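Heads up, the thing below is written out as structure tokens.
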Amino acid sequence: MMTYLSRGVLNWVYPDALHVIGAIARAVGEKRLPALNPSPNAFGARSYHSTVRSLNQLAQQMNMPPGERMPLSFSLLLIEPMLWTRFVSGGDGLKTQVHVSRPQAGDLVLISGEEVIKAVVSSRLTIGEAHQLGLIRLYGTDEQVESFLARYNRVGGAQQSPSDLSRLPQRAKLR
Amino acid sequence: MPRCLLQTSVLAGIFAAGLVLPAPGQNAPAQDVGISGTLDKDKADTAHKRPQVYSPYANRDFPTRPFFGDTHLHTSFSMDAGAFGARLTPRDAYRFARGEQVTSSTGQPVKLSRPLDFLVVADHSDNMGFFPDLFAGKPEMLADPTGRKWYDMIQSGNGAEAAIEIIVAFSHNKFPKDLMYFPGTRAYRGAWQETIAAAEHYNEPSRFTAFIGFEWTSNTGGNNLHRNVIFRDNGDKASQVEPFTVYPPFGSDNPVDLWKWMEAYEKKTGGSVLAIAHNGNLSNGTMFPVVEEFGKKLDREYAETRAKWERLYEATQTKGDGETHPFLSPNDEFANFERWDKGNLDGSVAKKQEMLEFEYARAALKNGLKLARELGTNPYKFGLIGSSDAHTGLAAMEEDNFFGKTTPQEPSPHRMAATFIDNPKTGVKVMDWQVSSSGYAAVWANDNTRASLWDAMQRKETYATTGTRMIVRFFGGFDFEPKDAENRLPAQVGYTKGVPMGGDLHAAPQGKSPTFLVAALKDPIGANLDRYQIIKGWLDKNGTLHEKVYDVAWSGNRKPDANGKLPSVGDTVDLANATWTNTIGAPELITVWKDPDFDPTQPAFYYGRVIEIPTPRWTAYDAKRFGSKPLPGTQMTITERGYTSPIWYTPAK
């Protein structure tokens with residue numbers, strides 16, 4: 001019940017944040033995202049580790065090559081387990097702080113789902129596509145949102161870093 | 001055993017008219033009969049003397065169709081619904097019920113298969129409108145230090161913590177007094193006036209009825225004693241008061257005080273209100289007391305007052321079915337249906353078997369007979385309706401279009417596996433898949449207006465459905481004959497020779513037993529019917545209560561076995577594709593049944609239960625849609641059903 005309250009209040013704190021549930025439902029129904037194997041728990045130990053692995057992979061993919069601009073710090077909430085993760089920009093790139101209690105004040109906030117992140121890190125979906133489909137919702141200043149999308153729009157398109165993405169052909173459609 | 005089956009689908013259409021339209025020359029003053037709920041021979045005779053005209057539908061004055069609606073729907077104005085993420089307002093709820101497509105609070109387009117005929121937005125009266133105002137940062141909210149703190153928490157990204165603080169403070173009665181949306185405050189008045197304004201805006205007589213209402217939410221100890229209050233009146237009267245609440249100093253958790261408030265409303269405005277008791281299955285044995293309530297012994301005044309104000313009972317809704325329970329009705333093969341019997345509303349106290357008798361409809365109807373003998377009045381002489389209790393603003397209770405009980409339970413690949421209530425201390429655990437896609441209220445009214453629908457509720461000419469829109473007739477009298485079931489327009493016969501559901505039969509004529517003309521027609525886009533049953537409860541001279549289920553009409557050529565048990569209708573559900581076929585069952589059932597066990601000295605009640613053939617449950621549609629695998633034990637099929645209001649038999653004194 002408390003998870004429901006935490007999830008429910010998101011819809012007010014981050015207006016229409018729960019629309020990501022509808023977007024995921026649509027994407028799964030249309031086979032854009034894989035079906036899930038339900039678990040009676042938010043996630044079992046195994047799927048928790050799998051989720052953490054995905055988050056770390058996402059941080060790696062978002063890291064810039066040496067010499068590029070510093071990556072942006074932001075906070076990501078995975079809606080199913082209500083798991084907050086901070087992506088912290090430092091000298092050695094983006095690092096994750098998984099299972100933090102809340103986003104840091106001033107952070108750009110991303111609301112998404114576990115399968116969305118897994119699809120991104122497995123190159124089945126770019127962040128830009130996910131954003132367009134409502135599978136990732138962004139909350140911050142206009143500048144933060146624009147900057148984030150400008151940098152990470154094509155993450156998930158391939159295994160290359162963002163700096164390489166401009167040389168990649170556009171993907172025709174989601175797989 | 002009398003039974004009649006008319007399977008021809010062509011005839012079904014004709015029969016539809018029979019259920020809703022009178023026979024040629026039918027001109028009985030059925031409205032009088034229906035409204036009184038008591039057959040009046042003089043009036044019936046007078047009716048027959050009216051000049052007959054060619055059109056069978058001319059001069060008809062009894063209810064000819066049931067109107068379907070929801071008497072129990074929450075929007076973002078309810079504190080818990082808001083906390084669960086509902087963003088839809090009362091206006092959105094009415095628009096949706098009228099048949100418009102809306103976007104749900106999870107961003108999903110949604111529309112009903114068919115518009116509903118009426119809706120009661122019944123938001124919780126305590127703190128009505130609080131949540132939208134808090135998040136909007138209304139000045140009244142920010143003037144209070146705690147309100148300011150919560151708002152700042154929200155703005156700084158700690159909204160979830162703020163929400164939990166709010167809910168905990170509220171549930172532990174530690175809510176800041178100055179922040180309570182009490183009756184009499186400007187903020188509360190604003191929320192109530194907007195509730196009224198929404199209903200006024202969308203109320204369209206003869207097309208769609210938007211009732212004004214609220215839910216009084218007594219929940220002491222986690223035991224659900226909620227009541228939905230419905231106004232017959234328009235905004236001019238309803239706006240003269242503000243809803244009765246639970247929290248002190250203005251409110252009370254005792255239903256007796258709610259009834260006093262209702263009395264005061266009628267006295268002040270000249271208007272009319274009724275209350276519908278919430279499904280009692282989460283009251284932990286407190287919804288239908290037989291000895292005392294709130295420390296006061298039940299007496300005649302209690303019985304009379306409750307019977308006066310609580311005309312209807314919510315027999316089925318998203319939090320489970322409340323008709324009966326296998327423990328109470330071990331011989332009823334259909335009793336194990338959509339059960340929620342683990343504990344009370346918040347899971348703080350586990351269920352004990354001895355509680356069940358005082359929270360299910362059939363047991364209450366039985367105990368009512370006994371209390372009537374002891375107190376002189378039956379406090380539990382209620383009719384039956386179903387409604388949703390959805391907290392989404394969406395009265396979407398179709399299995400293939402189920403939008404859940406709360407916003408996080410709207411369609412998603414996850415909802416079948418999620419946990420709704422889990423209290424490790426008490427062991428009370430309810431999974432989301434156990435949420436029931438139920439139900440609707442069917443009301444036999446003359447017109448689709450507030451007055452006409454409310455009057456029908458008042459006289460209990462209603463039935464509950466679990467979400468299907470089957471059409472069900474149920475008439476009782478002493479003179480129905482088998483040939484009455486051959487009439488293609490049974491309503492006229494029913495109203496002329498008997499009383500409709502919700503009515504009374506008194507003092508059986510010498511040598512006669514109650515007879516019942518029953519008819520049911522499938523939902524036009526739904527499943528065929530398995531059987532029509534009559535459930536009888538009675539009190540013998542020794543003060544012992546009894547119940548019995550009679551199969552009175554069924555599909556096919558099935559024969560009851562030596563024990564009287566009717567074989568199963570079968571099952572055509574294709575789970576993989578979430579579909580079924582109407583190759584079994586019947587589109588319509590009609591018969592006349594005579595009570596074979598009647599004793600004229602024993603008070604009794606009779607109500608109809610109509611069962612559909614098995615169909616896919618919402619979980620099956622989800623599994624198909626999302627390709628997800630259900631958890632072990634997940635119920636994947638359902639036998640939708642309808643429960644009529646009873647007809648009571650009272651012996652001669």
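Could you check the simple spin-label distance between B:Glu204 and B:Asp178, using points 7 Å along Cα→Cβ, in nm with one decimal?
4.6 nm
Which trypsin sites (Lys or Arg not before Pro) does segment B:315-358 hold that lie in a coil by DSSP with at most 12 other beta carbons within 10 Å?
Those satisfying the criteria are B:Lys352.
What FRET efficiency comes out for B:Lys565 versus A:Tyr48 if R0 is 60 angstrom and r is the Cβ-Cβ distance? Round to the nearest 0.05.
0.75
What is the extension gain from B:Arg186 to B:Leu575, computed as 0.36 nm multiplied by their sequence separation minus the C-alpha to C-alpha distance, in nm to one decimal?
Full-extension gain reported as 134.7 nm.
For A:Lys95, which lysines qualify as cross-link partners when the Cα separation must be under 27 Å and same-chain residues fewer than eight apart are set aside?
Hits, sequence-local ones excluded: A:Lys118.
Can you tell me how much longer the chain between B:Asp144 and B:Asp341 gets when fully stretched, taken as 0.36 nm per residue apart minus their C-alpha distance, in nm with one decimal?
Working: separation 197, 0.36 × 197 = 70.92 nm, distance 4.12 nm.
So the chain would gain 66.8 nm between B:Asp144 and B:Asp341.
Based on the Cβ-Cβ distance of B:Asn557 and B:Asp599, what FRET efficiency does E = 1/(1 + (r/R0)^6) give at R0 = 35 Å, to the nearest 0.05?
0.60
Could you compute the net charge surrounding B:His74? Neighbours are other residues with a C-beta less than 10 Å from the C-beta of B:His74; K and R count +1, D and E count -1.
Computed value for this residue: -3.
For segment A:46-150, which trypsin sites (Lys or Arg not before Pro) are both in a DSSP coil and crowded by at most 16 other Cβ atoms within 10 Å?
Hits after loop and neighbour filter: A:Arg69.
Let a ≥ b ≥ c be the square roots of the eigenvalues of the Cα gyration tensor of segment B:312-411; is it rounded (a/c under 1.5), or, if not, prolate (a/b larger than b/c) or oblate?
Prolate is the answer for segment B:312-411, as a/c is 1.5 or above and a/b outweighs b/c.
Within 10 Å of each Cβ in peptide B:404-417, how many partner chain Cβ atoms are there on average? Round it to a whole number, please.
Average neighbour count from other chains, rounded to a whole number: 6.
Using a 10 Å Cβ count of at most 14 others and DSSP loop calls, identify the longest part of chain B lacking such GluC sites (Glu not before Pro).
That would be B:334-653.
Which value in nm describes the separation of the simple spin-label points at B:Lys653 and B:Thr583, placed 7 Å from the Cα toward the beta carbon?
In this crude spin-label approximation the distance works out to 6.0 nm.
Using the Kirkwood radius built from alpha carbon pairs, what does the Stokes-Einstein equation give as D for the protein assembly as shown at 20 °C and 1.002 mPa s, in µm² per second?
76 µm²/s
Could you work out the mean count of beta carbons from other protein chains within 10 Å of each residue's beta carbon in B:99-111?
Mean partner shielding for this stretch: 4.
In nanometres, what is the gap between the two model label sites at B:Glu161 and B:Asp422, each 7 Å from Cα along Cα-to-Cβ?
Using points 7 Å along Cα→Cβ, the separation is 2.4 nm.
Below 14 angstrom from the Cβ of B:Lys177, what's the summed charge of the other residues (Lys, Arg +1; Asp, Glu -1)? Please report the intermediate quantities before stating the final value.
Working: positive: B:Lys174; negative: B:Asp126, B:Glu140, B:Asp144, B:Asp178.
Every neighbour counted, the sum reads -3.
How much space per residue, in cubic angstrom, does the convex hull of the C-alpha atoms of segment B:589-651 take up?
Per-residue hull volume (Cα only) is 132 Å³.
Calculate the FRET efficiency for B:Glu100 and B:Leu631 from the Cβ-Cβ distance with a Förster distance of 30 Å, rounded to the nearest 0.05. All intermediate terms of the calculation are to be shown ahead of the outcome.
Values: r = 35 Å, r/R0 = 1.17.
For R0 = 30 Å, the calculated efficiency reads 0.30.
Taking each pair of different alpha-carbon atoms in segment B:417-513 once, compute 1/r for the pair, average those values, and report the inverse of that mean as the Kirkwood hydrodynamic radius in Å to one decimal.
Values: mean 1/r = 0.0588 Å⁻¹.
Mean inverse Cα-Cα distance, inverted, gives 17.0 Å.
Once the convex hull of the alpha carbons of segment B:463-560 is built, what does its volume come to per residue, in cubic angstrom?
Taking the convex hull of the Cα positions in segment B:463-560, it is 151 Å³ per residue.
Can you tell me what the convex hull of the Cα atoms of segment B:43-153 projects to on average, as an area in nm²? Write down the numbers at each step before the final one.
Working: hull surface 46.6 nm².
Averaging across all directions leaves 11.7 nm² for the Cα convex hull.
Can you give the extra length, in nm with one decimal, that the chain gains between B:Ala136 and B:Asp152 once fully stretched, where that is 0.36 nm per residue apart less the Cα-Cα distance?
Numbers: separation 16, 0.36 × 16 = 5.76 nm, distance 1.18 nm.
Full extension of this stretch gives 4.6 nm more.
Show me B:502-513, A:140-151, B:518-529 ranked by packing, highest mean number of other Cβ atoms within 10 Å first.
B:518-529, B:502-513, A:140-151
What is the ratio of the Cα radius of gyration of segment B:233-315 to 2.2 N^0.38 Å, where N is its residue count, to two decimals? Provide the component values of the computation, followed by the final result.
On the way: Rg = 13.7 Å, N = 83, 2.2 N^0.38 = 11.8 Å.
Against the empirical 2.2 N^0.38 Å value, I get 1.16 for segment B:233-315.
Scan segment B:67-157 for trypsin sites (Lys or Arg not before Pro) in coil per DSSP, keeping those whose Cβ has at most 15 other Cβ atoms within 10 Å, and list them by number.
Answer in residue order: B:Lys111.
Using only the alpha carbons, work out the radius of gyration and Dmax of segment B:537-596 in angstrom.
Cα only, segment B:537-596: 16.8, 54 Å (Rg, Dmax).
Consider all pairwise Cα distances in segment B:533-633 and report the whole-number % of them above 22 Å.
Summing the P(r) of segment B:533-633 above 22 Å gives 52 percent of all pairs.
Let me confirm one metric for peptide B:623-631, namely the mean number of other chain beta-carbon atoms within 10 Å of its residues' beta-carbons. Write down the numbers at each step before the final one.
Numbers: counts 2, 1, 4, 8, 6, 5, 4, 1, 3.
Per residue, the average neighbour count from other chains is 4.
Give me, ordered by chain and number, the residues 5 or more places off B:Gly343 or on other chains with an amide H under 5 Å from its own placed amide H.
Residues meeting the criterion, in which the H sits 1.01 Å from N, are B:Lys351.
Where both partners of a DSSP beta bridge lie in segment B:279-390, what percent of those bridges are antiparallel, to the nearest 5?
Values: 5 of 9 bridges.
Here the antiparallel bridges make up roughly 55 percent for segment B:279-390.
Based on the Kirkwood radius over alpha-carbon pairs, what value in µm²/s does the Stokes-Einstein equation return for the translational diffusion coefficient of chain B at 20 °C and 1.002 mPa s? Please report the intermediate quantities before stating the final value.
Values: Rh = 25.1 Å.
The Stokes-Einstein estimate is 85 µm²/s.
Give me the lysines in straight-line cross-link reach of B:Lys381: C-alpha distance below 18 Å, same-chain residues under 8 apart excluded.
Of all the lysines, those that pass the test against B:Lys381 - Cα under 18 Å, at least 8 places apart if same chain - are B:Lys308, B:Lys366, B:Lys370, B:Lys460, B:Lys536.
Read-outs: derived from the displayed coordinates by stated rules, not from any lab. Not measured: the values here are computed from a predicted model. Virtual Cβ from ideal backbone geometry, glycine too; neighbours counted across all protein chains shown.
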